[in-house]
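Student: This is the structure, below, for whatever I ask next.
The values are calculated or read from the model by the stated rules, or taken from the named source; none is laboratory data. Since we're looking at a predicted model, the values are computed, not measured. Quick reminder, even Gly has a Cβ in these numbers, built from the backbone with ideal geometry, and neighbours come from all protein chains shown.
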Amino acid sequence: MARPAALHTPDRTGGWSQLEDTESPDGRVRSPWAHETATILRHARGGPDWYTLTLSAGALATAALPGQFVQVDVRGDGAVARTADPLLRRPLSLCTIDAAGGRISLIYRVVGRGTALLARARPGDRLSLLGPLGRSFPEPSRRPDQPLLLVGGGLGIPPLAGAAAWARRAGRQPVALLGARRAADLAGVTEVRAAGGAVVTATEDGSAGRRGLVTDILSARLSADMEVWACGPNPMLAAVADLCRRAGAECWLCVERPMACGFGVCIGCAISRAAGDGYLKACVDGPVFAAAEVNVLA
């Protein structure tokens, strides 16, 4: 997926600086981020409390990679723009990324005042976005012959749609293991299926796919020659990391943390290092981490 060499980026003083792409030795990329005003193309309710936003955002779609996120001003510029509250943006993971079409999609759950306000936005409204933010999943072409498992839980499923498409473009055939409490909570499964590759679902109440936890499916399939990319609630991520450690499998976790700024200033998204003292910032050091780097339950 092509990315621009650099974008103009606001610095901490309110001025403007130019940042280059940075890539870690393991292939995770932190793209230069910028402001973009995106137009809502489609806004659909997908379940009892979650929605899918499809946006025209050409620069962001060109720069973004799976695993990264955007900071959204939920007030927009339509009817919902008449209030100055809430002030802080909301971090939302990228679901699908269509660089050629200049489109991205975001899936979010209504959990408070900000996302309730966002749910009122309509096609044609515009939203202020900052992104792409954070580090991506590792470059899939670096392990072309390694089996890849994508493990998602609840609202951790949507980022795996972009990840599955990226992996397939690199010649890999990912298998997605997706779970939730009930069928209505399987947000993003349609997008993951559309990306291609096998999809296996599990629900705790048995209303879709297999009855039980997605980690039960992972445990039955996992072997040392596999690579795992996981995104979901912290208890699920901890279980995935433990299963991979015991199996000797490579494992990457896409974590979710509360955050205000999204670019390393507020330190609201600190996550404990797994070894030694100190913390990492999910917004700039992650949100994708090697499982051995972090303690998601601390």
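Student: If I filter the range 61-83 for residues that are in a helix (DSSP H, G or I), assigned by TED's automatic domain parsing to the domain that holds Arg30 and in contact (Cβ under 8 Å) with a residue 60 or more places away in the chain, do I get at least one hit?
Tutor: There is at least one residue in the range 61-83 that is in a helix (DSSP H, G or I), assigned by TED's automatic domain parsing to the domain that holds Arg30 and in contact (Cβ under 8 Å) with a residue 60 or more places away in the chain.
Student: Consider Tyr108 against the criteria (1) outside any strand (DSSP E or B); (2) in contact with a helix residue (DSSP H, G or I) (Cβ under 7 Å, 6 or more places away or on another chain); (3) under 30 Å from Glu204 (Cα atoms): it satisfies all of them except one. Which criterion is unmet?
Tutor: Looking at each condition in turn, Tyr108 falls short on (1).
Student: Can you give me the number of residues within the range 23-56 that are farther than 16 Å from Arg122 by Cα and in a loop (DSSP other than H, G, I, E, B)?
Tutor: The total comes to 11.
Student: Within the set of pairs 6 or more residues apart or between chains, which connect a residue that is closer than 19 Å to Gly134 by Cβ inside the range 271-282 to a residue that is aromatic (Phe, Trp, Tyr) and surrounded by 14 or more Cβ atoms within 10 Å (Cβ to Cβ) with Cβ atoms less than 6 Å apart?
Tutor: Ser272/Tyr279
Student: Among the residues that make up the range 166-182, is at least one of them in a helix (DSSP H, G or I) and more than 27 Å from Asp285 (Cβ to Cβ)?
Tutor: Yes - at least one qualifying residue is present in the range 166-182.
Student: Pairs please, first residue from the range 162-184 and over 17 Å from Met226 (Cβ atoms), second anywhere and among the acidic types (Asp, Glu) and surrounded by fewer than 16 Cβ atoms within 10 Å (Cβ to Cβ), Cβ atoms under 8 Å, 6+ apart in sequence or on different chains.
Tutor: Here the result reads Gly179/Glu204; Ala180/Glu204; Arg181/Glu204; Arg181/Asp205; Arg182/Glu204; Arg182/Asp205, each pair linking the range 162-184 to a residue that is among the acidic types (Asp, Glu) and surrounded by fewer than 16 Cβ atoms within 10 Å (Cβ to Cβ).
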